[in-house]
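Below is one structure, written out as structure tokens, with a few remarks after it.
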Amino acid sequence: MPLTAPAPVRRIRFDRNELAGAFGDLGTDLPLLIGVIAASGVDSAGLLIVFGLLQMFSGLWYGMPMPVQPLKAFAALVIAQKIPGRIIFGGGLAIGVSMLLLSVTGLIDALARLIPKPVVRGIQFGLALQLATLALKEYVPADGTAGYALAAAAFVVTVLLLGNRRWPAALVVIALGVLYALVFKLDLATAQRAIGLHLPAWHVPQRADIITGAILLALPQIPLSLGNSILATRQVIHDHYPERQVTVRQISLTYALMNVVAPFFGGFPVCHGSGGMVGHYAFGARTGGSVVLYGCLFLVLGLFFSQGFAEVVQIFPLPILGVLLLFEALTLATLLRDLATSKADLTVALLVGVLCSGLPYGYLVGLVIGTAVYYAMRRGWVGLGK
């Protein structure tokens, strides 16, 4: 099947609102990338450069704030088990080929028809719960009393300026974080050691690593990718861009192609994501320009600052990232509002969200149980009201 552009006109704009929106997903991506580099020892130049280029590809291709994110379940397993780079690249290629098969055979369309909207909303709600928990338990308390004060100031600024097109909230909050870092955390010696030109290296995943990566990393990731990266992302596009006829097959195709290419250049496996798109949109982005700008940030980091990347980025205060992440979570959670008129649909969404956020393999469990409960209600086997 030919890969066709999802819209006849690609809308790209570069202004302060697009720049503000570019930081809407930073709180999710940055800690995962740092954790993966530290745990696996992969070359940070290749990882950052490829990540940045894929952002730019996605923004230009879709013409809307459709960012690229590290695969979350994949990254969590890499960090927890310190899985080496060769298996990461093998697993990335495995998940790319798997998604390509789902796309070209049309199975992804059948799954989209099978899984109802309340389950998709529940997956988004589950992600919101996880992001909010991460923000409040890990990021906001990271710098002690000073961090709480910084987070409180950032929260107030965001509440006052969210939606302001003249003074975008994210730019003011990021500026506050940069000022704090320069005054309290900057180590010039560390920063100087990080500077230097670096390029990605060529990798060819071996058969054994592809098989191992598929079993250890790709299989746990696929349910989350189906639910959040594809179905929930398509729903967010419908919410914010109803005139854009982007299909689940188009989303799964770009997801697949990115992961078929990335491993050969040392890139970490990636996806599209409803949370990332909501984050960009919430902080002002309306076109693909925000994602292109976001990609440029990682491209510059990879080319010129990758040697000491993990150390250098530690100077940016986590409480600021926590506030950005919290508002991304709140925006995701508010998507439940379109189910408010149906008690049954809202119950299914809440059930799915709790399962997704609270159980091992929760996205798979939530997807299966939520879909089963939904159709059981439709057939009158379970009565939850209307």
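List of remarks:
- Any chance GLY177 is within 24 Å of the chain's Cα centre (by Cα), open to solvent by less than 50 Å² (accessible area, probe 1.4 Å) and modelled with pLDDT of 85 or more: yes
- Only one of ALA76, ALA142, ALA110, ALA135 that is in contact (Cβ under 8 Å) with a residue 60 or more places away in the chain, out of contact with any Asp or Glu (no Cβ under 9 Å at 6 or more places or on another chain) and in a helix (DSSP H, G or I): ALA142
- Residue match in region 86-109 (condition: of a type in the set (D, E, K, R) and crowded, with 19+ Cβ neighbours inside 10 Å): yes
- Any pair with Cβ under 9 angstrom, 6 or more apart, that starts in region 176-200 at a residue that is at positive phi and ends at one that is modelled with pLDDT of 65 or more and of a type in the set (A, V, I, L, M, F, W, C): GLY196/PHE304; GLY196/PHE305
- Residues that are without any contact (Cβ under 8 Å) to a residue 60 or more places away in the chain and open to solvent by less than 10 Å² (accessible area, probe 1.4 Å), drawn from region 231-258: ILE251
- Filter pass, ALA329 being touching a Lys or Arg at 6+ places or on another chain (Cβ under 6 Å), in a helix (DSSP H, G or I) and crowded, with 16+ Cβ neighbours inside 10 Å: no
- Which listed residue, of GLY276, GLY289, is closer than 15 Å to SER58 by Cα, open to solvent by less than 10 Å² (accessible area, probe 1.4 Å) and modelled with pLDDT under 90: GLY276
- Given (1) modelled with pLDDT under 90; (2) within 20 Å of the chain's Cα centre (by Cα); (3) over 24 Å from TRP167 (Cβ atoms), index of the condition ALA135 fails: (3)
- Here GLY126 meets the list (1) closer than 18 Å to LEU30 by Cα; (2) in contact with a helix residue (DSSP H, G or I) (Cβ under 7 Å, 6 or more places away or on another chain) almost entirely, failing just condition (1).
- Total residues in region 211-230, condition open to solvent by 10 Å² or more (accessible area, probe 1.4 Å) and either in contact (Cβ under 8 Å) with a residue 12 or more places away in the chain or within 15 Å of the chain's Cα centre (by Cα) (or both): 9
- Selection within region 70-101 - more than 13 Å from GLN206 (Cβ to Cβ) and in contact with a His (Cβ under 6 Å, 6 or more places away or on another chain): none
The values are calculated or read from the model by the stated rules, or taken from the named source; none is laboratory data. Please read these numbers as outputs of a predicted model, since none were measured by experiment. Virtual Cβ from ideal backbone geometry, glycine too; neighbours counted across all protein chains shown. Only protein heavy atoms, including side chains, enter the accessible area calculation; ligands, DNA and RNA are left aside. Shrake-Rupley method; radii C 1.70, N 1.55, O 1.52, S 1.80 Å.
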